[in-house]
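Reading through the structure tokens given below for one structure.
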Amino acid sequence: MKQGELPLLHAELTRSVIGGFFQVHRELGFGFREHIYALALERELSQRGHEVAREVHTLVYFRGKPLARQTLDMVVDEKLVLEIKTGERPPPGGTAQLFGYLCATDLELGLLLYFGPEPKFYRVIFENRLKRRTAEAAPAAVTPRP
């Protein structure tokens, strides 16, 4: 890190996850559905010593009351949201979807992992200190799907 630079949020965690992402893409290549990449990535990250929760539910609140439930692809070490995408091109709106997940949780960091012909990743941050919250509407932590 150069003088004057701020450290990246969860730098070691994201470095490990991005490394796992590229490893999975190297081994599987392009052409599978998201579900296959998610299973492989879960296995890879678990082997790297991470706690991985898949298909994690969280509530979206409106005016202090639960509005709807949404499902996050993956949460790693209770700190990092992963959104997995595949296809010929990165999907428009993928980072906006990930940003919405961060809005609805107490998590601050997400990675969009694109398993396309050329692997790409996008980092999305939304700090809790910037989130609008009311005492009665503060979302609980995310919970794994039963």
**Prompt:** Among the residues of segment 86-126, which ones are of a type in the set (Lys, Arg) and touching a Gly at 6+ places or on another chain (Cβ under 9 Å)?
**Reply:** 89, 123
**Request:** Please find, among 108, 12, the residue that is surrounded by fewer than 20 Cβ atoms within 10 Å (Cβ to Cβ), in contact (Cβ under 8 Å) with a residue 60 or more places away in the chain and within 21 Å of residue 123 (Cβ to Cβ).
**Result:** 108
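Suppose the filter is more than 15 Å from residue 111 (Cα to Cα) and in contact with a Gly (Cβ under 7 Å, 6 or more places away or on another chain); does residue 83 pass it?
no
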**Item:** Long-range neighbours under 9 Å by Cβ, at least six apart or interchain, first residue on the phi > 0 side of the Ramachandran plot within segment 28-43, second surrounded by 13 or more Cβ atoms within 10 Å (Cβ to Cβ) and polar (S, T, N, Q)
**Value:** 31/86
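All of the numbers you see were taken from the coordinates with simple rules; none came from a lab. Being a predicted model, the structure only gives us computed values, none of them experimental. Virtual Cβ from ideal backbone geometry, glycine too; neighbours counted across all protein chains shown.
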